[in-house]
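A short worksheet on the structure shown next.
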Number of protein chains: 2
Amino acid sequence: MKIIEGGVTSAKGFEAACCEAGIKYKDRTDMALVFSKKPCVSAGTFTSNVVKAACVQWDQKIVASNEPIHAVVVNSGIANACTGKEGFDACEKTAKAVEKTLNVPYSSVAVASTGVIGMQLPVEKLTAGVEKMSTLLDSSIQAGTAASKAIMTTDTVNKEVAVTFEAGGATVTLGGMSKGSGMIHPNMCTMLAFLTTDLAISKSLLQEAVSEVVKDSFNMITVDGDTSTNDTLLVMANGEALNKKITEKGQDYESFKEALFYVCTFLAKKMAADGEGASKLFEAKVVNAKSKEDARILSRAIVGSNLSKAAIFGCDANFGRFLCAMGYSGSDFDQNDVELFFESANGRLQVFDKGTPIVFDEDKALEIMKADAVTVFVDMHEGTDEATAWGCDLTYDYVKINADYRS
Amino acid sequence: MKIIEGGVTSAKGFEAACCEAGIKYKDRTDMALVFSKKPCVSAGTFTSNVVKAACVQWDQKIVASNEPIHAVVVNSGIANACTGKEGFDACEKTAKAVEKTLNVPYSSVAVASTGVIGMQLPVEKLTAGVEKMSTLLDSSIQAGTAASKAIMTTDTVNKEVAVTFEAGGATVTLGGMSKGSGMIHPNMCTMLAFLTTDLAISKSLLQEAVSEVVKDSFNMITVDGDTSTNDTLLVMANGEALNKKITEKGQDYESFKEALFYVCTFLAKKMAADGEGASKLFEAKVVNAKSKEDARILSRAIVGSNLSKAAIFGCDANFGRFLCAMGYSGSDFDQNDVELFFESANGRLQVFDKGTPIVFDEDKALEIMKADAVTVFVDMHEGTDEATAWGCDLTYDYVKINADYRS
């Protein structure tokens with residue numbers, strides 16, 4: 001596997017465009033289109049929230065069908081959630097605008113939205129945006145980067161990544177973009193992520209790989225514990241790499257999964273570190289847990305705790321909060337088995353040793369916690385499974401951003 | 001039932017004292033003792049966190065036994081959680097100090113702590129505190145109030161309440177005190193609450209009433225989603241009202257439960273409104289849910305969401321966040337059945353009508369949300385059950401308090 005520059009336009013046959021549709025933001029791009037002339041197989045995972053945005057319900061139908069897909073249209077600013085029948089009509093009209101301008105069936109067009117819930121989309125602006133973008137489609141890296149910027153809401157940086165790997169006698173490219181950065185919590189986060197690959201793969205194996213990889217990547221991040229109405233991960237594979245099509249598990253499938261895991265984890269960590277108001281990446285690594293699921297639950301509880309997050313912001317080695325969060329996670333364990341360490345680029349320090357607090361050097365702890373990325377490392381001494389979760393600190397800016405998000 | 005002035009010393013035969021033990025705070029009281037010379041039956045509920053503080057484990061044994069109890073010793077500043085064997089020894093030494101000074105078995109002495117996790121208690125200061133307090137015991141209202149102040153941590157106001165009711169041919173008194181105000185989340189909150197009553201009641205019925213009432217009072221509040229290691233609700237009943245002892249359900253039991261519900265709900269709401277950094281009480285009332293448990297889950301999800309809490313702080317009628325929180329609560333429902341209103345002393349406004357957002361008057365919404373207590377009222381139109389949950393807004397001060405709690 002090789003990491004390359006790029007994003008959604010890196011794989012062969014994918015183009016992107018964006019525009020200033022004026023949906024809610026002013027003077028910035030707020031719509032993006034990703035397009036493959038060649039039909040793609042698709043896979044996806046969507047929010048577990050029972051209040052699903054209209055676009056999520058639209059996309060779920062598309063991904064569940066066996067029909068190919070060609071495009072995804074994304075807007076930022078308004079989420080198209082809690083919008084009733086008018087919201088569904090907006091999805092259909094957007095897809096039909098793509099059908100009209102790009103000559104692909106509207107049922108092959110996915111849509112995604114992010115922004116304020118409970119507000120109707122201005123459909124005419126969306127269809128005008130589609131019309132404009134269809135004339136701007138471009139396969140350059142720059143077009144992919146521009147698209148990744150158009151889908152941002154409170155994100156402070158755009159997020160994209162691309163890799164190549166060998167499979168079925170060909171060099172395959174996989175790229176993607178995503179946006180956060182509030183309403184982020186496992187199953188899934190408030191996130192939109194779009195991955196494109198020129199891999200030839202069966203639809204069922206694509207979905208299987210995506211469903212498995214998401215568990216240890218996107219579903220292991222949390223910003224605020226709020227699971228959005230709009231979470232969408234959509235993967236499109238158009239087969240243009242001309243590899244021998246993957247139709248069963250084996251080396252090629254594993255190579256793809258490795259690349260997929262890298263891309264998903266990269267984007268997930270980027271989202272965690274760019275959580276609303278975040279000043280640093282907060283990682284929890286739990287090792288020697290009695291099961292994989294226990295390791296996931298424990299690590300997510302640590303990075304999900306408001307008190308832990310506030311301590312990370314304050315560079316306060318208040319390790320009891322991390323143990324407390326583990327304690328209410330739902331996983332059962334004995335605190336007398338547990339060792340807890342703080343880690344960062346500035347060092348490593350044990351603070352809790354099997355039931356007993358360690359008197360530690362506060363200056364050293366402060367030094368470690370001042371880093372841009374801080375890890376809480378926990379050895380459960382109960383088994384052999386491990387997991388890592390990512391989040392961010394809780395800061396004044398999180399409150400500021402969210403106390404008046406609509407204005 | 002009649003509300004009276006007072007707290008833990010209101011019921012006959014209960015005395016309280018407090019002192020400046022210098023455990024962690026300076027120039028303030030930080031220890032309290034509640035004592036009944038007459039033996040009491042006890043009941044309690046404790047944190048569901050698997051990382052339980054030493055004092056919680058100590059008290060659970062006492063409440064589970066059939067032996068009477070006489071006293072509870074409380075300290076603020078250090079939680080005695082994650083403290084290993086030394087932590088247990090501290091509980092025993094504290095209880096033994098009470099045995100020595102007040103001549104009751106040490107196994108009849110409950111202990112409770114609140115404060116920083118992972119730090120050892122200075123046992124000599126605790127035993128000296130007990131010695132001092134045993135000479136200061138007093139049944140005045142003032143002594144109860146002083147005790148309620150000594151157990152505060154980041155609380156900004158002390159919390160106490162008392163009521164009288166008629167049962168078994170006597171006027172019975174029930175009083176209590178509690179403290180919050182961070183690490184507050186259902187099952188249970190980071191809370192200590194101590195209730196005293198002169199009611200004569202069997203131990204099993206006392207526990208049954210407490211277990212039932214806690215579900216719709218203390219377990220319906222949340223400040224930050226963090227379930228503490230130390231949560232304790234302890235109820236002591238010494239029988240000095242000389243009512244005909246309650247040994248079976250009936251009118252007397254119901255009268256007690258009504259009083260208990262009032263006292264627990266009063267203290268719970270006080271804790272929610274005084275959540276760390278809170279500027280207002282945030283209430284969610286869910287009616288016509290398909291089950292009681294669904295109503296509880298939905299209302300708790302609303303007040304527990306960081307995004308909802310931030311919107312309440314910002315007086316932002318961003319109702320989609322409340323629907324979103326309901327959607328990931330774990331309760332299944334159809335958004336097309338749901339009506340949502342904002343309510344406060346300043347008015348009432350519907351914002352969502354069975355799947356469709358309502359275009360509402362933003363000025364009126366702002367007026368309603370500016371109040372000191374704001375309610376999100378949700379009609380599920382799915383059944384007949386209802387529940388109310390209480391929390392607070394998420395403010396800059398929450399972050400400030402928790403980013404550097406230890407110093």
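Every read-out reported here was derived from the displayed coordinates using simple, explicitly stated rules and does not represent laboratory data. Predicted, not measured: the structure shown is a model, and the values here were computed from it. For neighbour counting, all protein chains shown are included, and Cβ atoms are generated from backbone atoms with ideal geometry for every residue, glycine included.
Which value in nm describes the separation of the simple spin-label points at A:H381 and A:S139, placed 7 Å from the Cα toward the beta carbon?
5.8 nm
Given the options B:K52, B:K364, B:K269, state which has the largest fluctuation in a GNM of chain B using a 10 Å cut-off (strictly under) for Cα springs.
Maximum among the listed residues: B:K364.
For chain B, modelled as a Gaussian network with Cα springs under 10 Å, which listed residue fluctuates most, B:D231, B:D337, B:D274?
Judging by the Gaussian network model, the answer is B:D337.
Along the positive direction of the dipole of segment B:123-174 (beta-carbon charges: Lys, Arg +1; Asp, Glu -1; about the Cα centre), which of B:F165, B:T153, B:L137 reaches farthest?
Result: B:T153.
Going from the alpha-carbon gyration tensor of segment B:156-286, what semi-axes, largest first and in whole Å, does one get by taking the root of 5 times each eigenvalue?
With the √(5λ) rule applied to segment B:156-286, the semi-axes are 28, 13, 13 Å.
Sorting A:R300, B:R28, B:R296, A:R321 on the 10 Å Cβ count, fewest up front, what's the list?
B:R28, B:R296, A:R300, A:R321
Can you give the Kirkwood hydrodynamic radius of segment A:223-324 from its Cα pairs, in Å with one decimal?
About 16.7 Å, per the Kirkwood formula over Cα pairs.
Over segment B:119-275, what is the relative contact order in percent, taking alpha-carbon pairs closer than 8 angstrom and at least six residues apart?
Relative contact order here is 28 percent.
If you average the sequence gap of Cα pairs under 8 Å that are 6 or more apart and divide by the length of chain A, what percent do you get for the contact order?
In percent, rounded to a whole number, it is 17.
How would A:K249, B:K257 line up from fewest to most surrounding beta-carbon atoms within 10 angstrom?
A:K249, B:K257
Under 8 Å for C-alpha pairs, at least 6 residues apart: give me the relative contact order for segment B:78-208, rounded to a whole percent.
So the answer I get is 18 percent.
Consider the operator that turns chain A into chain B: which A residue has a Cβ nearest its axis, and what is that gap in Å?
Residue nearest the A-to-B axis, with distance in whole Å: A:Y396, 3.
Can you classify segment B:256-407 as rounded, prolate or oblate using the Cα gyration tensor, where a ≥ b ≥ c are the square roots of its eigenvalues, rounded means a/c under 1.5, and otherwise it's prolate if a/b beats b/c and oblate if not?
Oblate.
Taking the Cα centre of segment B:205-271 as origin, work out the dipole magnitude from +1 charges on Lys and Arg Cβ and -1 charges on Asp and Glu Cβ, in debye rounded to 20.
My answer is approximately 160 debye.
At B:D27, with labels set 7 Å past Cα in the Cβ direction, how many nm apart are the copies from this one, shortest first?
B:D27 label point versus its equivalents elsewhere: 5.0 nm.
Search the structure for amide H atoms under 5 Å from the amide H of B:G115, placed 1.01 Å from N in the peptide plane, and list their residues when 5 or more places away or on another chain.
Residues meeting the criterion, in which the H sits 1.01 Å from N, are B:G77, B:A79.
Please build a GNM for chain A, connecting alpha carbons under 10 Å apart, and tell me which residue among A:E15, A:E166, A:E283 fluctuates the most.
A:E166
What are the DSSP H helices in chain A that stretch 27 Å or more along their long axis, judged by alpha-carbon atoms, and whose average Kyte-Doolittle hydropathy comes to at least -1.0?
A:84-102, A:251-273
Sorted from shortest, what are the nm distances separating the label point of A:D332 from equivalent points in the other copies, each placed 7 Å from Cα along Cα to C-beta?
Label point to label point, same position, other copies: 2.7 nm.
Ratio of Rg to Rh for chain B, alpha carbon only, Kirkwood?
So for chain B, dividing Rg by the Kirkwood Rh gives 1.00.
Across segment A:310-379, what fraction of all alpha-carbon pairs, as a whole percent, falls in each successive 5 Å bin from zero upward?
4, 17, 30, 25, 16, 8, 2
Between segment A:1-39 and segment B:156-175, what's the alpha-carbon centroid distance in Å?
66 Å
Only four residue types carry charge here, +1 at the Cβ of Lys and Arg and -1 at the Cβ of Asp and Glu. Report the dipole size of the protein assembly as shown about the Cα centre in Debye, rounded to the nearest 20.
The dipole magnitude comes to about 60 debye.
What translational D, rounded to a whole number of µm²/s, comes out for the protein assembly as shown from Stokes-Einstein when the hydrodynamic radius is the Kirkwood one over Cα pairs, at 25 °C and 0.890 mPa s?
Rounded to a whole number, D works out at 88 µm²/s.
B:D334 versus B:D363, label points 7 Å from Cα toward the beta carbon: distance in nm?
It is 3.9 nm.
Based on the Cα coordinates of segment B:278-332, what is the per residue volume of their convex hull in Å³?
Hull volume normalised by residue count: 75 Å³.
How far apart are the B:P39 label points across copies, placing each 7 Å from Cα toward Cβ, in nm, shortest first?
Spelled out, the distances from B:P39's label point are 8.3 nm.
Using alpha-carbon positions, what is the distance between the centroids of segment A:96-137 and segment A:273-309, in Å?
37 Å
Treating only the Cα positions of segment B:71-167 as identical point scatterers, give the base-10 log of I(q)/I(0) from the Debye formula at each q in 0.13, 0.25 Å⁻¹.
-0.51, -1.35
Based on the alpha-carbon gyration tensor of segment B:349-405 and its eigenvalue square roots a ≥ b ≥ c, which shape applies: rounded if a/c is under 1.5, prolate if not and a/b is larger than b/c, or oblate?
oblate
Would you order A:V378, A:V63 from fewest to most other beta-carbon atoms within 10 Å of each residue's own beta-carbon?
Fewest-to-most ranking of A:V378, A:V63: A:V63, A:V378.
Quick one: the Cα spread of segment B:115-214 along its three principal axes, in angstroms, biggest first?
Principal-axis extents of segment B:115-214 (Cα, largest first): 47, 36, 27 Å.
Relative to 2.2 N^0.38 Å, what does the C-alpha radius of gyration of segment B:1-142 come to as a ratio? Two decimals please.
Dividing the Cα Rg of segment B:1-142 by 2.2 N^0.38 Å gives 1.01.
Need one value for B:308-319: mean number of C-beta atoms belonging to other chains within 10 Å of its residues' C-beta atoms.
Mean shielding by partner chains, rounded to a whole number: 5.
Which value, in debye to the nearest 20, gives the size of the charge dipole of chain A about its Cα centre, when Lys and Arg are +1 and Asp and Glu are -1 at the Cβ?
1280 debye
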